[in-house]
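Every number here is computed from the coordinates shown, using simple stated rules; none is lab data. Since this is a predicted model, take the numbers as computed values, not measurements. Cβ coordinates were reconstructed from backbone atoms using ideal geometry, including for glycine residues, and neighbour counts include every protein chain displayed.
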């Protein structure tokens with residue numbers, strides 16, 4: 001399964017539009033918040049099922065966290081602000097272990113991260129709109145096949 005992973009798009013459609021050709025090749029799109037409305041836009045532009053959570057800049061009455069089972073992998077999805085991710089992932093690590101996650105997807109920092117620790121893969125796709133800490137805009141293509149996970153970092 002091929003999953004497009006974005007976060008912190010902040011309603012800047014011209015930037016989101018640059019990622020759409022790559023996302024159209026995915027089986028699923030996951031959006032880690034800021035802005036939830038962009039997940040609806042992504043669906044309207046691609047026709048691909050989209051899952052999303054609420055970020056700190058969102059006001060919709062939607063879930064702040066999701067646990068998703070995909071191809072024998074458990075994904076924990078959140079924006080990250082409730083876990084202090086701007087100061088590290090220690091709180092997020094604790095939550096990941098508590099829920100038995102194989103993969104954690106989060107955003108909030110606008111800075112891409114791909115880190116494996118204690119057999120858990122932590123992914124922050126960065127931002128296609130407003131990157132921080134790097135000089136490029138980014139998202140991720142996550143591939144899960146035959147119990148193997150690979151991450152393709154996409155730069156715009």
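Of all helices (runs of 4 or more DSSP H) completely enclosed by the range 11-130, which ones contain at least 1 residues that are in contact with a strand residue (DSSP E or B) (Cβ under 6 Å, 6 or more places away or on another chain) and in contact (Cβ under 8 Å) with a residue 40 or more places away in the chain?
13-23
Of everything in the range 114-151, what is exposed (fewer than 15 other Cβ atoms within 10 Å of the Cβ), touching a helix residue (DSSP H, G or I) at 6+ places or on another chain (Cβ under 9 Å) and over 13 Å from residue 102 (Cα atoms)? Give them in sequence order.
130
Tell me yes or no: at least one residue of the range 1-8 is touching a strand residue (DSSP E or B) at 6+ places or on another chain (Cβ under 8 Å), without any contact (Cβ under 8 Å) to a residue 40 or more places away in the chain and within 17 Å of residue 123 (Cβ to Cβ).
So far as the range 1-8 goes, no, none of its residues is touching a strand residue (DSSP E or B) at 6+ places or on another chain (Cβ under 8 Å), without any contact (Cβ under 8 Å) to a residue 40 or more places away in the chain and within 17 Å of residue 123 (Cβ to Cβ).
Residue check: is residue 68 out of contact with any helix residue (DSSP H, G or I) (no Cβ under 9 Å at 6 or more places or on another chain), over 19 Å from residue 16 (Cβ atoms) and surrounded by 15 or more Cβ atoms within 10 Å (Cβ to Cβ)?
yes
Residue check, residue 139 against (1) part of a loop (DSSP other than H, G, I, E, B); (2) closer than 26 Å to residue 24 by Cβ, all met but one. Which one?
Checking residue 139 against (1) part of a loop (DSSP other than H, G, I, E, B); (2) closer than 26 Å to residue 24 by Cβ, the one that fails is (1).
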